[in-house]
1. Looking at (1) closer than 20 Å to residue B:7 by Cα; (2) touching a Lys or Arg at 6+ places or on another chain (Cβ under 9 Å), which is the one condition that is false for residue B:51?
2. Name every residue in the stretch A:1-43 that is under 15 Å from residue B:45 (Cα atoms) and in a loop (DSSP other than H, G, I, E, B), in order of residue number.
3. Regarding the stretch A:72-84, can at least one residue be identified that is among the aromatic types (Phe, Trp, Tyr), within 14 Å of chain B (Cβ to nearest Cβ) and on the phi < 0 side of the Ramachandran plot?
4. Take residues that are under 16 Å from residue B:17 (Cα atoms) and tell me which of the strands (runs of 3 or more DSSP E) falling wholly in the stretch B:56-111 contain 1 or more.
5. Quick check: anything in the stretch A:73-92 aromatic (Phe, Trp, Tyr), surrounded by 15 or more Cβ atoms within 10 Å (Cβ to Cβ) and farther than 24 Å from residue B:94 by Cβ?
6. Of (1) surrounded by 16 or more Cβ atoms within 10 Å (Cβ to Cβ); (2) in contact with a Lys or Arg (Cβ under 7 Å, 6 or more places away or on another chain); (3) within 13 Å of chain A (Cβ to nearest Cβ); (4) not hydrophobic (A, V, I, L, M, F, W, C), residue B:98 satisfies all except one. Which?
7. In the stretch B:64-95, which residues are of a type in the set (Val, Ile, Thr) and either under 28 Å from residue A:50 (Cβ atoms) or more than 14 Å from chain A (Cβ to nearest Cβ) (or both)?
Amino acid sequence: NAGVTQTPKFQVLKTGQSMTLQCAQDMNHEYMSWYRQDPGMGLRLIHYSVGAGITDQGEVPNGYNVSRSTTEDFPLRLLSAAPSQTSVYFCASSTRDRGEKLFFGSGTQLSVL
Amino acid sequence: SQKIEQNSEALNIQEGKTATLTCNYTNYSPAYLQWYRQDPGRGPVFLLLIRENEKEKRKERLKVTFDTTLKQSLFHITASQPADSATYLCALTSGTYKYIFGTGTRLKVLA
């Protein structure tokens, strides 16, 4: 039982490049979400999904796209990377019950030069 | 705007003592409050959940209190050990699927 798996662990991009951060979970969780963590800012919600085909915006969605075609996967796309997107990104999942505990992946450290 | 405050300064305590961490919030009415532990280079790990109608929750050496009048939660680790050294995050949700996290408090337990 792998839990929440994120790839890659580290990534360096140049400004304007695009990339996709991958997130997969094997717990049959309906709820999946993406956070970014910056020093002094805490974890901030980017996008979330409560099931396949359903996505919604969080606190800081600009510059990021998501889609949810399967229960297991929830990729995060950066269409045109900017230095302000340098951060550590975490994917989290849980059951659809409100207030449920989140299971986090190990994170992706992204640097945009 | 909604705000969660955790003591940004590191908390150093002696092994065997009780560590108490604070989470204060404003402009928010959470239905659920959670505490997570985060080690360097790792994702947060869930520790405890407390609901708005609960005053206290315990799990082994951990205790959480929730005072909706004071808009505050306290997180206690009794008989602390060096292995408890980590950053502890509080998170709130009003029952929607949006969770708001504090910045975390770094705890160091000295042997």
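The values are calculated or read from the model by the stated rules, or taken from the named source; none is laboratory data. Bear in mind that the values here come from a model prediction, so they are computed numbers and not experimental data. Positions of Cβ are generated from backbone atoms using ideal geometry, with glycine treated the same way; all protein chains shown enter the neighbour counts.
1. (1)
2. Across the stretch A:1-43, the qualifying residues are A:2, A:3.
3. Narrowing the stretch A:72-84 to residues among the aromatic types (Phe, Trp, Tyr): A:74.
Subsequent filtering for residues that are within 14 Å of chain B (Cβ to nearest Cβ) retains A:74.
From what's left, on the phi < 0 side of the Ramachandran plot: A:74.
Among the residues of the stretch A:72-84, at least one is among the aromatic types (Phe, Trp, Tyr), within 14 Å of chain B (Cβ to nearest Cβ) and on the phi < 0 side of the Ramachandran plot, which makes the answer yes.
4. Details: elements: B:56-59, B:62-67, B:72-77, B:86-93, B:105-110.
Because the criterion is at least 1 residues that are under 16 Å from residue B:17 (Cα atoms), the strands (runs of 3 or more DSSP E) in the stretch B:56-111 that meet it are B:62-67, B:72-77, B:86-93, B:105-110.
5. Checking the stretch A:73-92: at least one residue is aromatic (Phe, Trp, Tyr), surrounded by 15 or more Cβ atoms within 10 Å (Cβ to Cβ) and farther than 24 Å from residue B:94 by Cβ.
6. Only one criterion is unmet by residue B:98, namely (2).
7. Quick first cut of the stretch B:64-95, residues of a type in the set (Val, Ile, Thr) only: B:64-65, B:68-69, B:77-78, B:87, B:93.
Hits for the stretch B:64-95 are B:64, B:65, B:68, B:69, B:77, B:78, B:93.
Residues checked against (1) surrounded by fewer than 18 Cβ atoms within 10 Å (Cβ to Cβ); (2) over 23 Å from residue B:49 (Cβ atoms); (3) modelled with pLDDT of 95 or more:
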| residue | (1), (2), (3) |
| --- | --- |
| A:12 | yes, yes, yes |
| A:20 | yes, yes, yes |
| A:68 | no, yes, yes |
| A:103 | no, no, yes |
